[in-house]
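Taken together, the values in this text are just the output of simple stated rules run on the coordinates, not laboratory data. All of these numbers come straight from a predicted model, not from anything done at the bench. Cβ atoms come from the backbone with ideal geometry, glycine included; neighbour counts cover every protein chain shown.
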Amino acid sequence: MPTDLPKRILIGRALRSDKLGETLLPKRIALPVFASDALSSVAYAPEEILLTLSLAGASAIHFSWQIGVVVAIVMLAVVASYRQNVHAYPSGGGDYEVATVNHGPNSGLVVASALLVDYILTVAVSTTSGVANVVSAVPALRGHELGLSVTLVIVLMGMNLRGVRESGTAFAVPTYAFMVGVIGMVGYGFVRHFVFGAEMPAESAGYHLLPTAGNESLAGFAMVFLLLKAFSSGCAALTGVEAISNGVPAFRKPKSKNAATTLLLMASIAVVMFMGIIYLAHLTGVQMAEEPAQQLAGAPADYHQKTALAQISEAVFSNFTPGFFFIAAVTGLILVLAANTAFNGFPVLGSILAQDRYLPRQLHTRGDRLAFSNGIILLALAAILFIVAFDADPTRLIQLYIVGVFVSFNMSQSGMIRHWTRLLRTETDPGRRAHMQRSRAINTFGLVMTMAVLIVVLATKISHAWIAIATMVVLFVMMKAIRRHYDRVSRELVAAEEPDDVVLPTRVHAIVLVSKLHKPALRALAYARLARAHTLEAVTVNVDKADTEALREEWDERGIEVPLKVLDSPFREITGPVLDYVKNLRRSSPRDVVSVYIPEYVVGHWYEHLLHNQSALRLKGRLLFKPGVMVTSVPWQLESSERRKPQKAWSAPGAVRRGEPRQPKAVKSNVSGSSGSSDATAASADSGKDTTP
């Protein structure tokens, strides 16, 4: 096929199914593949805390590090809980499987809906945040955030279509570079401050942060509410933690052990970077404002607020400019590539849901590179929709983000508690019981923490979170409807016990559609006669009276033994009269099968398709919905299809060499009145067709 060359260049050569084991990931690759989302969130989670606290002015900023400590504790608790998950449920269902097994299918669908929304928003938030960081370092790109974000999503989609291992290898270097860069920046900043006593003021440190209107004197409950809101914003750092439990099948053996180790590595690195950035923000005096023009007194009129991480790195590397640009580059990359976590998690979850008949079956099929290609494409399209709808604004998107995450966290932890409780009822070994009790205690602590966060999130962000909740509800209802459809189809396809369903039809009534006595029609008549149906007749539609009379005369002159039936069409339409006639045949003899033969001719060039009305395609499409009707296409290949040049075997790096099989030539058919000579050759046509009626 001509499309093979670009396809092979974009995604590489197709892989055999037995090569799936070669795509499994070692821990060093699995860490950037599945943990890049959680690691990258430290680039914007501290900023979200500062932005929320800025509503009360400079007086509330000093609470940032205390909030950071609480967020870090919650992260460690969640990671410890998920280490239990990967050992108990290593099949890759993650939170969905835990909730389904322990709480039932509806709870599983709630979790699935939350996770699907979370994955979509992961891509949207990661790419828009990455673009925002790059724009902070390169102001010339300002105003092009939307186009850049959409382009990056498309690029990520293409990279993931090449396969999990290839995308993981490509993303490993930027992810490790981000880790080294941020941890190096934290260490360098601490050395400059604590060892050399250097001052490292951020560019906004000299401005005075004013509270927003109505928040000039927050105290009591209002201040507590603000701190809780800042905490819920900072919990964006926990997004992506669940991805490893959903991706256990992609790890090398021992899968559960490697996944648990990767979880621990991810949590340790993320907490160090998160707390380091928050403390550096305190040391450098970074001032972040929801409304910079109104809140930052002393700032110039044309001041454009950079991201918190950009201001921190600029201050820390004030005597080493390459360090600032390195941080800007790797931060932009990791934030964009963090979407890779979702590109690995969403297709796997989609495949499991499709296998359980909650999503279209196409999502369960692996592509040429053994990745779930349809899921990857669907995720990219959904993320682009959110990016466009919110004008590539990461702050607005983050407000929707963590609702789905903590819904799945809560359902998962409560499911694990029930899991351990069920096992403890039958376990008698003291050692194993102690292990189960310890695991249950860890999951209980995780449930308490995540439930508290979910309550805070719903209480403080409901004005934004309702969009994510509504999307989850729509997905839940849609998946229930899909399951009902598949269940209904399964019931209809199962061999029934009623006699009418198992007894063969009494007769087969064959009809051949004709408009002229040309070669395609003669071949269709010959082929239908060869099938030896109980009754056979030719049917034509009277669209033009003169043409119909000419057909009758030629039919009689040739002495064709097959009777010709003429259907009236006062509105010059072909499909309707044929459908009505077939319906009447079925109504008069419900036990009979009607076999419709449609003569068609096949053209050889794409531009020739435009010259034909494709009425055969429309007619066949309508007949498919008629019970007890069988449709047979009888193709006649025109000379243009026979002269069509054979396809070349495309050759490109990584391409699959293959040629198109030769199409067999059509053999002429002579059908005359009494001779009954026929040619039953009926090659299937893979190009455009036109029916003769």
Notebook entry, point to check: Rounded to the nearest 0.05, what FRET efficiency do LEU617 and ARG28 have when you use their Cβ-Cβ distance and R0 = 41 Å?
Noted result: 0.20
Next item on the list: Excluding LEU359 itself, calculate the net charge of residues whose Cβ lies under 12 Å from the Cβ of LEU359, where each Lys or Arg counts +1 and each Asp or Glu counts -1.
Entry: +3
Next item on the list: Using packing as a proxy for protection, rank 295-304, 528-537, 32-41, 424-433 so that the peptide with the highest average count of other Cβ atoms within 10 Å comes first.
Entry: 32-41, 528-537, 295-304, 424-433
Check: FRET efficiency for ALA481 and LEU458, Cβ-Cβ distance as r, R0 = 25 Å, nearest 0.05?
Finding: 0.40
Checklist line | Sorted peptide list for 340-350, 107-117, criterion being average Cβ within 10 angstrom, highest first | finding: 340-350, 107-117
Check: Which order do peptides 435-443, 95-103 fall in by mean Cβ count within 10 Å, highest first?
Finding: 95-103, 435-443
Margin query: Given points 7 Å out from each Cα along the Cα-Cβ axis, report the GLN66 to LEU424 separation in nanometres with one decimal.
Written below: 3.5
Notebook entry, point to check: For the pair ALA470 and THR575, what calculated FRET efficiency results from E = 1/(1 + (r/R0)^6), where r is the Cβ-Cβ distance and R0 = 35 Å, to the nearest 0.05?
Noted result: 0.25
